[in-house]
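Data first, discussion second: the structure below is written as structure tokens.
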Amino acid sequence: MKNRKLFGLQLFAEAVAGKKIVYLYRILSTEKDHDATALAFTTENERTKSKDADSTVTKDGTVRTPGAAEGEITASSLLKKGDKFIDELEAALDDDEKMEIWEVNLAEPQASSSNKFKAKYFQGYLTEIDKTSNAEDNVELSLTFGLEGKGVDGYATVTAEQQEVAAYVFADTQKTGA
């Protein structure tokens with residue numbers, strides 16, 4: 001067996017921390033009046049894409065026919081005291097209002113902008129809200145969004161305030177007041 005040198009780019013690769021992938025949400029009907037909002041105290045997000053396939057047995061073997069892809073985004077967070085956005089989301093579920101969802105990678109900023117980041121944009125519906133409250137822990141929310149289509153790649157604007165909701169950002173030592 002020959003000795004081979006490994007020159008793969010993975011030697012210089014850096015993994016993306018989970019806290020660098022953030023999700024922003026907006027009820028589509030409010031797009032003229034509201035910016036997208038991050039859930040406070042998010043503990044976990046997940047995006048899944050799946051596709052069923054039918055099988056037909058033939059004399060030459062099995063033929064698989066793929067169906068349409070289906071996507072879901074789930075979010076888990078702790079309930080923030082006085083959070084009106086959760087109330088708005090629940091009303092959107094009740095009223096079958098379409099949602100906009102951005103999956104943003106804060107580890108990949110756009111070269112020409114300090115507040116635009118690699119993102120994937122989706123539309124869909126909030127299909128489930130689960131609120132868990134037990135005696136020993138904080139109230140936990142689980143949200144499920146059913147997606148339409150496969151999403152669109154681009155760059156999303158993420159303000160400093162939105163980034164603060166997602167994670168702590170650097171603060172300077174200078175006073176911020178006038």
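The values are calculated or read from the model by the stated rules, or taken from the named source; none is laboratory data. Nothing here was measured: the structure is a model prediction, and the numbers come from that model. Virtual Cβ from ideal backbone geometry, glycine too; neighbours counted across all protein chains shown. These accessible areas exclude ligands, DNA and RNA; they are computed on the full protein's heavy atoms, side chains included. Shrake-Rupley method; radii C 1.70, N 1.55, O 1.52, S 1.80 Å.
Quick notes
- The GluC sites (Glu not before Pro) of the stretch 122-158 that meet both conditions, a loop assignment by DSSP and at most 16 other Cβ atoms within 10 Å of the site Cβ, are E136.
- Shown here for the stretch 70-119: trypsin sites (Lys or Arg not before Pro) in loop regions (DSSP other than H, G, I, E, B) with at most 14 other Cβ atoms within 10 Å, namely K81.
- Every Cα-Cα pair in the stretch 28-108 was counted, and those over 19 Å apart are 58% of them.
- Fraction of accessible area attributable to carbon and sulfur, the stretch 1-137 (%, probe 1.4 Å): 47
- Using 0.36 nm per residue and subtracting the Cα-Cα separation, the extra length available between E70 and D33 on full extension is 10.3 nm.
- Cβ-derived FRET efficiency at R0 25 Å, E90 paired with S50, nearest 0.05: 0.40
- One equal scatterer on each Cα of the stretch 71-141, no solvent, Debye formula: the resulting log10 I(q)/I(0) at q = 0.17, 0.19 Å⁻¹ is -0.82, -0.93.
- In the structure shown, the pairs K81/K150; K20/K98; K59/K120; K51/K118; K51/K81; K59/K150 are assessed against 32 Å; a Cα-Cα span above that value is assigned to K81/K150; K59/K120; K51/K81; K59/K150.
- For the stretch 11-49, trypsin sites (Lys or Arg not before Pro) are listed when DSSP marks them as loop and at most 15 other Cβ atoms sit within 10 Å of their Cβ; the list is K32.
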